[in-house]
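A short write-up of the structure that comes next.
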Amino acid sequence: MNTLEAVSRIEGPNIALRLIQPSDADYVYCLRLNRDYNEHLSEVHGTAEDQRSWIIRYKAREAALTELYYIVERRDKIPCGTLRLYNISPPSFEWGSWILDANKTRKAALETAVLAYRIAFDALHLEKAVFDVRKGNGKTLAFHRRFGAIETHQDDANIYFTYPRSKFKDAFHRYRSELENLDGSAA
Ligand SMILES: CC(C)(COP(=O)(O)OP(=O)(O)OC[C@H]1O[C@@H](n2cnc3c(N)ncnc32)[C@H](O)[C@@H]1OP(=O)(O)O)[C@@H](O)C(=O)NCCC(=O)NCCS
């Protein structure tokens, strides 16, 4: 199995990440337009068809393993969010486009983060995540701080973090049992 095949679908106890397909365009477009989720995301321009074309163009970056865009789905295959690893350039990568919708399972945020880091650290052998969160996005800031992300700097709009591979091993074992003890039901 080559690396792209190995990262095309990764499963946790209650959810899986699978690589996006052009047929996911409508789902992603509606998700990004939904005001419940898009307050802290970059503005959406264009149509669902533009989103489909964007996914088709993205597939070249996926093949080069510089960007991996995932649909989060439940065990019953109902989609419940998105997550993207981008600017993958050893030793680092960024992650974002992180949205979980009303169909998410309990602790889906924790499980998606663990799965994203497994892809980055175990499958792609990267060393560190770097990412930024808007200052007003209190929930996301709280999540990353609780997970152990290290704040590096800030500007007027954003707080910048890093999360190194060395921290993940302990976290993985701690969170795995927590996630395995959930029943996979919706949040
Ligand atoms: C960002 C986002 C995906 C986070 O998901 P969330 O469900 O709000 O995340 P939470 O921090 O509430 O965590 C969810 C659950 O995991 C648990 N959890 C979070 N971190 C944990 C940790 N370190 N250890 C144990 N449990 C943890 C929480 O207690 C909560 O449990 P529950 O499901 O039983 O209530 C979601 O808020 C979202 O889609 N926001 C809109 C888009 C957005 O702003 N994206 C981020 C752009 S940078």
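The values are calculated or read from the model by the stated rules, or taken from the named source; none is laboratory data. As the structure is a prediction and not an experimental result, all values here were calculated from the model. Note that we place each Cβ from the backbone using ideal geometry, even for glycine, and neighbour counts take in every protein chain shown.
Do you know which of the residues in the range 1-30 that are at pLDDT 95 or above, outside any helix (DSSP H, G or I) and among the aliphatic types (A, V, I, L, M) is farthest from the ligand (Cβ to nearest atom)?
Selected residue: VAL7.
Read through the list (1) in contact with a Lys or Arg (Cβ under 8 Å, 6 or more places away or on another chain); (2) over 21 Å from TYR160 (Cα atoms); (3) modelled with pLDDT of 95 or more, then give the number of the only condition that ASP50 fails.
(1)
Name the residue that is nearest to PHE93 (Cα to Cα), counting only residues in the range 31-68 that are in a helix (DSSP H, G or I) and among the acidic types (Asp, Glu). Let's see the steps before the verdict.
So the first thing to find is which residues in the range 31-68 are in a helix (DSSP H, G or I), and the list is 31-33, 48-63.
If we keep only those that are among the acidic types (Asp, Glu) as well, we get 49-50, 62.
Numbers: GLU49: 28, ASP50: 26, GLU62: 14 Å.
Among them, the one singled out is GLU62.
When only residues in the range 69-106 that are of a type in the set (D, E, K, R) and either in a strand (DSSP E or B) or under 25 Å from LYS128 (Cβ atoms) (or both) count, which is farthest from the chain's Cα centre (by Cα)?
So in the range 69-106, the residues of a type in the set (D, E, K, R) come out as 73-77, 84, 94, 101, 104, 106.
Next, only the ones that are either in a strand (DSSP E or B) or under 25 Å from LYS128 (Cβ atoms) (or both) stay: 73-74, 84, 94.
Values: GLU73: 12, ARG74: 14, ARG84: 5, GLU94: 10 Å.
Here the residue is ARG74.
Tell me which residues, restricted to the range 86-114, are modelled with pLDDT of 95 or more, of a type in the set (A, V, I, L, M, F, W, C) and within 13 Å of the ligand (Cβ to nearest atom).
Answer for the range 86-114, where residues must be modelled with pLDDT of 95 or more, of a type in the set (A, V, I, L, M, F, W, C) and within 13 Å of the ligand (Cβ to nearest atom): TRP98, ILE99, LEU100, ALA102, ALA108, ALA109, LEU110, ALA113, VAL114.
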